[in-house]
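**Student:** Just dropping this structure here.
No value in this document is a laboratory result; all are computed from the given coordinates. As the structure is a prediction and not an experimental result, all values here were calculated from the model. Glycine gets a Cβ as well: all are built from the backbone with ideal geometry, and neighbour counts include every protein chain shown.
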Amino acid sequence: MKSRRAFLQHSVFGAMAAGSVEFWTRISAMPETFRKGNFPAVIATWNNEDATKAAWEILSAQGRALDAVEAGARVPEANPEDSSVGYGGFPDRDGDVTLDACIMDEFGNAGSVTCLQHIKHPVSVARLVMEKTPHVILTAEGALEFALSQGFKKENLLTETARRAWEEWKVKSEYKPVINFERHDTIGIVAIDAQGRASGACTTSGLAFKMKGRVGDSPVIGAGLFVDAEVGAAAATGLGEMVLKTLGSYFIVEEMRRGKHPQKAAELAIRRLAEKYPEQARENQVGFVALDVKGRHGGFGLQPGFNYTLFQQGKNVIYESGSYFSK
Ligand code: ASP
């Protein structure tokens, strides 16, 4: 009997030889269960109005949710003022800006990059990992090589502000992965388009001054993001270590599958990590957003201060979420 490894090698390389992207990753039929709902709609973590606006422009022109979430995620990635995503993101403790991102479409296809350096738009690289390779995750040097082979430009992503913040941090070099409680911009964004197709993306520079090679939840399918076109989608922000250990986004989608409203599902995911990791939960922030196939949404944080942005029925609205802990 063939070993599983041999089987995987056989199928992947056989597919490569066949030369068809579709052969590897595409599921041809749309789920039959797409329902009518309050679409299109897009929701993003934090005050990411410009991102949801960019996504809405595509959604309101009957575009595909996948294009919308990619366009939305690219907004903070390109913003040098944004210290937790893309260009301008704070570096790791060695001074290197390393980026994590993922994307998932309505067919359940997914792509992801981790520890990617020098490329301003990791979400777009993640999309090409999904569309042009037989893999889901490419990391570090391999992800960079792939990005360059796809025509992405190598850039210096360390802004002067980020470099100064790193220099200041180095004075004490205190390594404690505590996440901002409020108002930062790591973006998890999920959308359902006018045809009921769900997709999501997530992109971040991760924790400021993290250990070299540290990867958070954001590029991990099921943790920072999960999409199931028959149910809905969810995304996370905050201390990745907590989200990774509870697979928060997957948890939310599964709760919605069992009939929970997105709000209730997000609350349950936060409660799960607060109860499982009470000490870590006390000192850190995690926030989730969720959207279901009826166009209903939800958002919830561990701590007060989490907010999120929803563009639906032509209105771009920032919501202050409820939280598990009070001040
Ligand atoms: N979730 C991200 C990480 O842990 C950070 C964030 O959302 O700010 O890498």
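**Student:** If you average 1/r across every pair of different Cα atoms in the range 244-301 and take the reciprocal, what Kirkwood value do you get, in Å?
**Tutor:** 11.3 Å
**Student:** Now for a different question. Could you tell me, in Å, what Rg and Dmax come out for the Cα atoms of the chain?
**Tutor:** Taking only Cα atoms of the chain, I get Rg and Dmax of 18.8, 59 Å.
**Student:** Which FRET efficiency value, to the nearest 0.05, do you get for residue 78 and residue 174 by plugging their Cβ-Cβ distance into 1/(1 + (r/R0)^6) with R0 = 41 Å?
**Tutor:** 0.85
**Student:** Filter the cross-link list 264/315; 264/327; 172/245; 245/276 down to pairs whose alpha-carbon distance in this structure exceeds 19 Å.
**Tutor:** Violating the 19 Å limit, Cα to Cα: 264/315; 264/327; 172/245.
**Student:** Going by C-beta contacts inside 10 Å, put 215, 69 in order with the fewest on the left.
**Tutor:** With the sparsest Cβ surroundings first, the list reads 215, 69.
**Student:** When only DSSP loop residues count, what chymotrypsin sites (Phe, Trp or Tyr not before Pro) in the range 139-168 have their Cβ near at most 14 other Cβ atoms within 10 Å?
**Tutor:** Here no chymotrypsin sites (Phe, Trp or Tyr not before Pro) fit, given the DSSP loop and packing criteria.
**Student:** If you stretched the chain out fully between residue 165 and residue 326, how much longer would it get, using 0.36 nm times the residue separation minus the C-alpha to C-alpha distance?
**Tutor:** 55.0 nm
**Student:** Taking 7 Å along the Cα-to-C-beta vector as the label spot, tell me the residue 257-residue 60 distance in nanometres, rounded to one decimal.
**Tutor:** 3.5 nm
**Student:** How many nm is it between the label spots at residue 315 and residue 195, if each spot is 7 Å from the Cα in line with the beta carbon?
**Tutor:** 2.9 nm
**Student:** Could I ask something else about it? Between residue 148 and residue 271, what length comes free when the chain is fully extended (0.36 nm per residue of separation minus the Cα-Cα distance, one decimal in nm)?
**Tutor:** 40.1 nm
**Student:** Okay, moving on. Rounded to the nearest 0.05, what FRET efficiency is calculated for residue 230 and residue 50 with R0 set to 30 Å and r the Cβ-Cβ distance?
**Tutor:** Working from the Cβ atoms, E equals 0.50.
**Student:** Can you give the calculated 222 nm mean residue ellipticity of the chain, where each DSSP H run of n ≥ 4 adds -39,500 (n - 2.57) and the sum is split over every residue, rounded to the nearest 500 deg cm²/dmol?
**Tutor:** Helices in the chain give a 222 nm mean residue ellipticity of -11000 deg cm²/dmol.
**Student:** Now, a different point. With a/c under 1.5 counting as rounded, go ahead and sort the range 67-124 into rounded, prolate or oblate using the C-alpha gyration tensor (a ≥ b ≥ c being the square roots of the eigenvalues; past the cut-off, prolate if a/b is larger than b/c, else oblate).
**Tutor:** oblate
**Student:** Restricting to bridges with both residues inside the range 187-327, how much of the DSSP beta-bridge set is antiparallel, in percent to the nearest 5?
**Tutor:** 90 percent
**Student:** Next question, about the same structure. Mind giving me the FRET efficiency for residue 245 and residue 156? R0 is 22 Å, r the Cβ-Cβ distance, nearest 0.05 is fine.
**Tutor:** With R0 = 22 Å, the Cβ-Cβ based efficiency is 0.05.
**Student:** Arrange the following residues from fewest to most other Cβ atoms within 10 Å of their Cβ: 124, 323, 60.
**Tutor:** Ranking 124, 323, 60 by Cβ neighbours within 10 Å, fewest first, gives 60, 323, 124.
**Student:** Counting C-alpha atoms alone, how compact is the range 185-327: give Rg to one decimal and Dmax as a whole number, in angstrom.
**Tutor:** So, for the range 185-327, Rg and Dmax equal 14.1, 43 Å respectively.
**Student:** Which whole-number percent is the relative contact order of the chain (Cα, under 8 Å, 6+ apart)?
**Tutor:** That works out to 22 percent.
**Student:** If each residue's Cβ is checked for other Cβ atoms within 10 Å, how do 163, 93 rank with the fewest at the top?
**Tutor:** 163, 93
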